[in-house]
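The values are calculated or read from the model by the stated rules, or taken from the named source; none is laboratory data. Remember, it's a predicted structure, so these values are computed and weren't measured experimentally. Positions of Cβ are generated from backbone atoms using ideal geometry, with glycine treated the same way; all protein chains shown enter the neighbour counts. All accessible areas refer to the heavy atoms of the entire protein, side chains included, with ligands and DNA or RNA removed. Shrake-Rupley method; radii C 1.70, N 1.55, O 1.52, S 1.80 Å.
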Amino acid sequence: MMLMFRVVFGGLLVAGLLCFAMYVGTGQVVWRRRGIVIVKWTVVAGLGFFAVLVLERLAVML
């Protein structure tokens, strides 16, 4: 499970960086917007995933 999350998380971050690189290369604002959206939702998903991990640990401790 953790390996799959890391692969997906890393892939999304790379996709966001590629969108920013396309923005720098072409100057088209649409690439910057796509990059921001991808990175934003990747961070939100990462925070949610780690929140679930913390809650699981707390449930085991109680």
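A few notes on this one:
- As a summary of the residue check, residue 11 satisfies the conditions (1) over 11 Å from the mean Cα position of the chain (by Cα); (2) surrounded by 10 or more Cβ atoms within 10 Å (Cβ to Cβ) except for the one numbered (1).
- Whichever residue in region 32-48 is open to solvent by less than 60 Å² (accessible area, probe 1.4 Å) and more than 18 Å from residue 1 (Cβ to Cβ) and, among such residues, is farthest from the chain's Cα centre (by Cα): 35
- Taking the listed residues 59, 51, 21, the one that is of a type in the set (A, V, I, L, M), surrounded by 10 or more Cβ atoms within 10 Å (Cβ to Cβ), assigned to a helix (DSSP H, G or I) and at pLDDT below 95 is 51, with no other qualifying.
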